[in-house]
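Trainee: The structure under discussion is supplied below as structure tokens; questions concerning it will follow.
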Amino acid sequence: MEVGGSLPVPNVQQLASSSEGVPVRYIRPELELERVSNDEYDRIPLIDLHSACKDWGFFQVINHGVAEEVILKMKADIQEFFGRPLEEKMEYAQLPNGIEGYGQAFVVSEEQKLDWGDMLYINAQPINRRNMRLWPSSPSSIRASLDQYSIELEKVARSLMTSMAKNLGVEPEKLLDLFKEGVQTVRMNYYPPCEQASKVIGIAPHSDGSGLTLLNQVNEVQGLQIKKDGKWVPVDPIPGAFIVNVGDIIEIMSNGVYKSIEHRALVNHKKERLSIAAFHDPNVDAMIGPLPNLLIKDPKKQAPNYKSISHQDFKKLGRKMKLDGKNKGLIQYLKIQTEKEE
Ligand code: OGA
Ligand code: NI
């Protein structure tokens, strides 16, 4: 016999249609000994990125390809930074009228309720937007850690956006091009313990004005909650995982298919809590509006549900709305009301 040749055996289709029954050569007694699960939870994981973006606006991802040491180093350095004496942190204090640096979220009036948290907010990408004056230089590795973290997270964001675009039926480049030379900012949050934890709030309910946010819950103290069907749903901290959420800009670009969901952070009675949010925005020249290719593809969605606006106007208006205390104000303002809704 030639190597690789096969001996002739019956045609199975023909065999099956004959009335002779199953020849013994096909019978496998060992099958009776094998165990098959009838547990409905024994299923290979089904990962549906599309429904996560559409029905939740939030999901958590592990094994995202970012080296563990990059995340651990970032966490260790930011924990150390917040642990430094106040006067040292104040060397990086926000400048008047600026949000970048060490300080608190925007406060506009004496009556405004305040968040129980401090933050370090920096521009990370593109590099020419970095204000190194406001990047801490101690601990000595924190700048390198932030730089690495920023680069790696941008890669994850782009790879997620590639899949999201495909799921929306748009060529990935149509979305990715808008995020080329994209603006990335990083907000590192520090929530001290609070003796009246149940009466204060770490970050008041908001939706992110970003494209895509990747959040890391640094020290496994629970606090993040998202609004789902009128209730607050807590998000478990998983070490090394990124919580991904669709921001206002991707809600608009997806013409409302993907949702920018309201969320908030609570604080702990006994333990401090830290988180790092990396916001991925389009480049400064990008127009923000429903992706034209999306509108062409889907006849049901041919009409844009949002007005288009330049990135710069988007930021300006977004800030103004926040100052006026309107959380999802910008999205509401840009939404094109259908007759029914009016
Ligand atoms: C944010 C944010 C949540 C958290 O920084 O935009 O939503 O858990 N943070 O700190
Ligand atoms: Ni947020």
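Trainee: Work out the P(r) tail for the stretch 23-120: percent of alpha carbon pairs separated by more than 24 Å, whole number.
Mentor: 64
Trainee: Top mean-square fluctuation among LEU33, LEU212, LEU146, Gaussian network model of the chain, C-alpha springs under 10 Å?
Mentor: So, out of LEU33, LEU212, LEU146, the one fluctuating most is LEU33.
Trainee: Still on this structure, please answer the following. For the chain, modelled as a GNM with alpha-carbon contacts under 10 angstrom, which of GLY65, GLY247, GLY329 fluctuates the most?
Mentor: GLY65
Trainee: Also: Quantify, in whole percent, the carbon and sulfur part of the accessible surface of the stretch 18-114 (1.4 Å probe; protein heavy atoms only).
Mentor: C and S atoms contribute 54 percent here.
Trainee: Where the convex hull is taken over the Cα atoms of the stretch 15-56, what is its projected area averaged over directions, in nm²?
Mentor: Its Cα hull, projected and averaged over all orientations, spans 6.5 nm².
Trainee: Ok, one more. Helix-only mean residue ellipticity at 222 nm, the chain, DSSP H runs n ≥ 4 weighted -39,500 (n - 2.57), per residue, nearest 500. What is it? If you can, show how the numbers build up before the last one.
Mentor: On the way: 9 runs with 89 residues, N = 342.
Calculated at 222 nm, the ellipticity per residue is -7500 deg cm²/dmol.
Trainee: So, one more: What percent of all Cα-Cα pairs in the chain falls into each 10 Å bin, going from 0 up to the bin containing the maximum distance?
Mentor: 5, 22, 29, 19, 9, 6, 6, 4, 1, 0
Trainee: Can you give the log10 of the normalised intensity I(q)/I(0) at q = 0.15 Å⁻¹, computed with Debye over equal Cα scatterers of the stretch 56-185?
Mentor: Log10 of I(q)/I(0), two decimals: -0.89.
Trainee: In addition: Charges on Cβ only, +1 for Lys and Arg, -1 for Asp and Glu, centred on the Cα centroid of the stretch 96-157; of PRO139, GLY117, GLN104, which one is farthest towards the dipole's positive end?
Mentor: Result: PRO139.
Trainee: Can I ask one more? Normalising by the residue count of the chain, find the relative contact order in percent from Cα pairs under 8 Å and 6+ residues apart.
Mentor: Computed value for the chain: 18 percent relative contact order.
Trainee: Between ASN131 and residues 5 or more places away or on another chain, which pairs have amide H atoms under 5 Å apart, with H built 1.01 Å from N, and which residues are they?
Mentor: ASN123
Trainee: What number in nm² do you get for the stretch 117-213 if you take the convex hull of its Cα atoms and divide its surface by four?
Mentor: On the way: hull surface 33.2 nm².
Seen from a random direction, the Cα hull of the stretch 117-213 projects 8.3 nm² on average.
Trainee: So which residue, out of ALA165, ALA303, ALA16, gets the largest mean-square fluctuation from a GNM of the chain using Cα contacts under 10 Å as springs?
Mentor: With Cα springs under 10 Å in the chain, the top fluctuation among ALA165, ALA303, ALA16 is at ALA16.
Trainee: Between GLU40 and GLU80, what is 0.36 nm times their sequence separation minus the Cα-Cα distance? Round to one decimal in nm.
Mentor: Length gained, GLU40 through GLU80: 9.8 nm.
Trainee: Expected output is a single nm value to one decimal: the length gained when fully extending between MET287 and LEU323, i.e. 0.36 nm times separation in residues minus the C-alpha distance. What is it?
Mentor: Working: separation 36, 0.36 × 36 = 12.96 nm, distance 2.32 nm.
The MET287-LEU323 span can extend by a further 10.6 nm.
Trainee: Send over the Kirkwood Rh of the stretch 190-300, from the inverse of the averaged 1/r over different Cα pairs, rounded to one decimal Å.
Mentor: Across the stretch 190-300, the inverse of the average 1/r is 15.4 Å.
Trainee: Where does each of 88-100, 66-78, 215-227 land if you order them by average Cβ count within 10 Å, highest first?
Mentor: 215-227, 66-78, 88-100
The values are calculated or read from the model by the stated rules, or taken from the named source; none is laboratory data. The structure displayed is predicted, hence computed values, not measured ones. So basically every Cβ, Gly included, is an ideal-geometry build from the backbone, and we count neighbours across all protein chains shown. In case anyone asks, the SASA skips ligands and DNA or RNA and just uses the protein heavy atoms, side chains included. Shrake-Rupley method; radii C 1.70, N 1.55, O 1.52, S 1.80 Å.
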